[in-house]
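Input: a single structure, listed below in structure tokens.
The values are calculated or read from the model by the stated rules, or taken from the named source; none is laboratory data. These figures come from a predicted structure and were not determined experimentally. Cβ atoms come from the backbone with ideal geometry, glycine included; neighbour counts cover every protein chain shown.
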Amino acid sequence: MTAKDVIQALQLAPHPEGGWYREIYRSTDRVQRGDQTRSATTAIYYLLEQQQLSRWHVVDADEIWHFYGGAPLELLAYDPRSRQLNRHLVHNVASESRPVGIIPSGCWQAARSLGEYSLVGCTVSPGFEFSGFRFTADLPDHRAHFVGELSQYTALL
């Protein structure tokens, strides 16, 4: 299947951070998070085509990326507190890749497909809310972090 075939078959729509998505699950169970309640967990299909990228962003909940098909996905995680960058290769099990990547709450993340397309699922807990999503480029002083090792990934802003 081509990327367009998968997009059509799964009825994916453009995602604000780049790529294509569709929410496939939102728990009816609610949890308290600060002064709001939200779904206990949510899940989406997410597809990146070769020329697309998931721009640097941060989510206020833990996110687990699951590989479904296509090319390997380069998933970057940056902790602004420790200034540590981790690169995950999300794909079938192989010496340098794993089928799951984990991004803890508050870590910055970005991704890109290393081939024609990558199809993954993203599970967020507590459930994803756009109110808890920020582009890293909109955060004050974000540029101070894009030095050293992280400087090679400024194109993902």
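Tally the residues that are at pLDDT 95 or above and surrounded by fewer than 12 Cβ atoms within 10 Å (Cβ to Cβ), restricting the search to the range 38-55.
Qualifying residue count for the region: 0.
How do the strands (runs of 3 or more DSSP E) wholly within the range 1-88 filter down when requiring 3 or more residues that are among the acidic types (Asp, Glu), touching a residue at least 40 places away in the same chain (Cβ under 8 Å) and closer than 22 Å to Leu114 by Cα: which remain?
Once the strands (runs of 3 or more DSSP E) in the range 1-88 are filtered for at least 3 residues that are among the acidic types (Asp, Glu), touching a residue at least 40 places away in the same chain (Cβ under 8 Å) and closer than 22 Å to Leu114 by Cα, nothing remains.
Of all the residues that make up the range 1-40, how many are polar (S, T, N, Q) and farther than 17 Å from Phe128 by Cα?
3
Hey, could you check the range 119-137 for residues that are among the hydroxyl-bearing types (Ser, Thr, Tyr) and more than 12 Å from the chain's Cα centre (by Cα) and say which is farthest from Tyr45 (Cα to Cα)?
Thr136
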